[in-house]
Amino acid sequence: MTLIEKLKLRRSYREFESESFDIDLLVDAIEAAKYAPSGANKQPWTFCIVQDPKIKKEIRIQSENTEKAFYQRINQDWKSDLTPLMVNTEKPFLEHAPYLIVIFKHLFGYDQNHQKTKVYYPDISVGIATGILISILTDLELDILTYTPSPNTFLSSILNRPDNERPYLILVVGKGSKSYKLPEITKKENEEVIVIYPSSNQ
Ligand SMILES: Cc1cc2nc3c(=O)[nH]c(=O)nc-3n(C[C@H](O)[C@H](O)[C@H](O)COP(=O)(O)O)c2cc1C
């Protein structure tokens, strides 16, 4: 299959097989993603690969705590939008998947003299690098979930990250469980998302 064909088949998994694979595969994938474009080439990102079961368990416990508060906080529209995805406050995949890649964005940098330096467009830059990483993992026939606990500041403490970094999202990575029932969702038609100038029917 080509990369384009694989990307068209990509789906989010919320259950994973426990089988693992060589961490070098992820290091290679991140090495390629780090060549992503970034505002003024500041590369405002850190990718933390977590395979330690104790750390994964701690991330699961704290994520489930935030999820309980999250579901009490969100409005009915948001709850309805989540219904087809069959998600709830339990996040066992955070322990079952072989790897979590916790991605941090940099709000500022530090130079060699530990003086603060500026970064530009960190959200856009980290989003692009994350998208490239998801494409590479898809090409490697690994499955992922883009997981965004909110608030997510507990990730900085668990992983002991410096004060210039803020958690961006967690990529849960592994082989999706064969028994996982994928939510029935649809994707927009080309005509809804692609506009060509000049249009061919003018
Ligand atoms: C920014 C972002 C945040 C997301 N957060 C969560 C999340 O916290 N929990 C979850 O189960 N899925 C999360 N997802 C996955 C989406 O629900 C999923 O991509 C969407 O339903 C489309 O399904 P698909 O990825 O299978 O095509 C997130 C996706 C994105 C891009």
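The values are calculated or read from the model by the stated rules, or taken from the named source; none is laboratory data. Everything quoted here is computed from the prediction, not taken from an experiment. As a convention, Cβ positions derive from the backbone with ideal geometry for all residues, glycine included, and neighbour counts pool all protein chains shown. Accessible surface areas use protein heavy atoms only, side chains included; no ligands, DNA or RNA. Shrake-Rupley method; radii C 1.70, N 1.55, O 1.52, S 1.80 Å.
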Requested in this report: Considering (1) modelled with pLDDT of 95 or more; (2) surrounded by 15 or more Cβ atoms within 10 Å (Cβ to Cβ); (3) assigned to a helix (DSSP H, G or I); (4) not charged (D, E, K, R), say which one Cys48 fails and leave the rest.
Outcome: (3)
Report task. Looking at (1) on the phi < 0 side of the Ramachandran plot; (2) at pLDDT 95 or above; (3) not in a loop (DSSP other than H, G, I, E, B), find the lone condition where Ala40 falls short. Result -> (1)
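For the structure I just gave you, tell me whether Lys91 is more than 17 Å from Thr153 (Cα to Cα), charged (D, E, K, R) and open to solvent by less than 70 Å² (accessible area, probe 1.4 Å). Quick ask: steps written out before the conclusion?
On the way: more than 17 Å from Thr153 (Cα to Cα): yes; charged (D, E, K, R): yes; open to solvent by less than 70 Å² (accessible area, probe 1.4 Å): yes.
Criteria met by Lys91.
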Query raised in the report: Among the residues of region 151-164 satisfying the criterion of being touching a helix residue (DSSP H, G or I) at 6+ places or on another chain (Cβ under 8 Å) and open to solvent by 10 Å² or more (accessible area, probe 1.4 Å), which is farthest from the ligand (Cβ to nearest atom)?
Result: Arg161
Query - Per-region count, region 1-37, residues of a type outside the set (D, E, K, R), open to solvent by 50 Å² or more (accessible area, probe 1.4 Å) and within 16 Å of the ligand (Cβ to nearest atom) - result: 3
Requested in this report: Please find, within region 68-91, the residue that is nearest to the ligand (Cβ to nearest atom) out of those that are β-branched (Val, Ile, Thr) and in a loop (DSSP other than H, G, I, E, B).
Outcome: Val87
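Mind listing whichever residues of region 99-116 are open to solvent by less than 50 Å² (accessible area, probe 1.4 Å) and in a strand (DSSP E or B)? Before you say what the answer is, go through the steps one by one.
Narrowing region 99-116 to residues open to solvent by less than 50 Å² (accessible area, probe 1.4 Å): 99-106, 108-109.
Tyr99, Leu100, Ile101, Val102, Ile103, Phe104, Lys105, His106, Gly109, listed by residue number.
Taking the conditions exactly as written (within 15 Å of the ligand (Cβ to nearest atom), open to solvent by 70 Å² or more (accessible area, probe 1.4 Å) and closer than 19 Å to Ala33 by Cβ), does Thr130 satisfy them or not?
On the way: within 15 Å of the ligand (Cβ to nearest atom): yes; open to solvent by 70 Å² or more (accessible area, probe 1.4 Å): no; closer than 19 Å to Ala33 by Cβ: yes.
So Thr130 fails the test.
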Query raised in the report: Quick one: is Thr148 under 27 Å from Ala33 (Cα atoms), of a type in the set (S, T, N, Q), open to solvent by 10 Å² or more (accessible area, probe 1.4 Å) and more than 14 Å from the ligand (Cβ to nearest atom)?
Result: no
Requested in this report: Take Thr138 and decide whether it is within 12 Å of the ligand (Cβ to nearest atom) and free of Cβ contacts under 8 Å to residues at least 60 places away in the same chain.
Outcome: no
**Report entry** region 165-184 - residue that is more than 15 Å from the chain's Cα centre (by Cα) and basic (Lys, Arg) and, of those, nearest to the ligand (Cβ to nearest atom)
**Finding:** Lys181
